[in-house]
Amino acid sequence: LANIGKIYNEQYVASPEALAKEELFSKALYYYFKALKMDEELGEKGGIAKLLGNIGYLFSSQKKYRKAEEYLLKALALCKNIGVQDHEWQILEYLSALYEKTNRHALALEHYKNAMILKDTLFNEEKNKELTRKEMNYEFDKKEAVSEAEHKKEIEKQKAIAEEKNRKQKIITFSVVGGLVLVLVFAAFIFRSLRITRKQKIIIEEQKKSVEMKQKEILDSIYYARRIQKALLPSEKYIGRNLK
């Protein structure tokens, strides 16, 4: 509601037509008072002070200086009471302009000086706040950078540990695979040796059998020849007896 009143107020100041100005003035005043009533019911003193100042400025722009001064002084007193300095310096400027228009130059100068002092104070405070904000942001950014660096370092550390673990796992895997390969090669070599040995044994056994058969044949021949010899030749006793 206050913002709607402000829009009509701005249109009132900008409008060149007298009839339009009256209508815009009435609308601005209507919304300002409606908003003021709600702020008073809610106890929003900051909003009340601001609206009193806007109403005073609106009356001043219509050259209703007595009413304007009444509302502006109420607004100034409330601003001082609740310590709303950012509204207070604006009210002081409105009053300075009003006193200038009503030829009260001493009051105009006094309120203007007070407005400038307050404005400078607020400006310095804002600068200090801005400087504090920058310092806080710098400290925050620095902490964030340190935290990020530490986090990055921790990630790198974890990555290095993981890589080392992976490397060891690979060594173990390769060792196991290599061991299995060696076992398989050794087993194949033993199996081959056993096969060769078995073949050689079979060959030796066959050769042995062959030798044994030949030996038997030879022995059989010898025995046979001996039997023939015994059958054909006289015995030793016969020879011995006849030789005598």
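The values are calculated or read from the model by the stated rules, or taken from the named source; none is laboratory data. These figures come from a predicted structure and were not determined experimentally. Accessible surface is based on the protein model in full, side chains and every heavy atom, while ligands, DNA and RNA are left aside. Shrake-Rupley method; radii C 1.70, N 1.55, O 1.52, S 1.80 Å.
One table, with the values for the structure above:
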| quantity | calculated |
| --- | --- |
| Of Lys216, Lys64, Lys74, the one that fluctuates the most in a GNM where the chain has Cα springs shorter than 10 Å | Lys216 |
| GNM flexibility winner over the chain from Glu212, Glu70, Glu41 (Cα, springs under 10 Å) | Glu212 |
| Computed helical MRE - 222 nm, the chain, DSSP H runs ≥ 4 contributing -39500 (n - 2.57), nearest 500 | -33500 deg cm²/dmol |
| Area accessible to solvent at Arg227, 1.4 Å probe radius, in Å² | 140 Å² |
| Residue-normalised accessible area of the chain, expressed per residue, 1.4 Å probe, Å² | 79 Å² |
| Per residue Cα convex hull volume in Å³ - calculated over region 1-156 | 165 Å³ |
| Region 73-205 - percent of accessible surface contributed by carbon and sulfur, probe 1.4 Å | 62 percent |
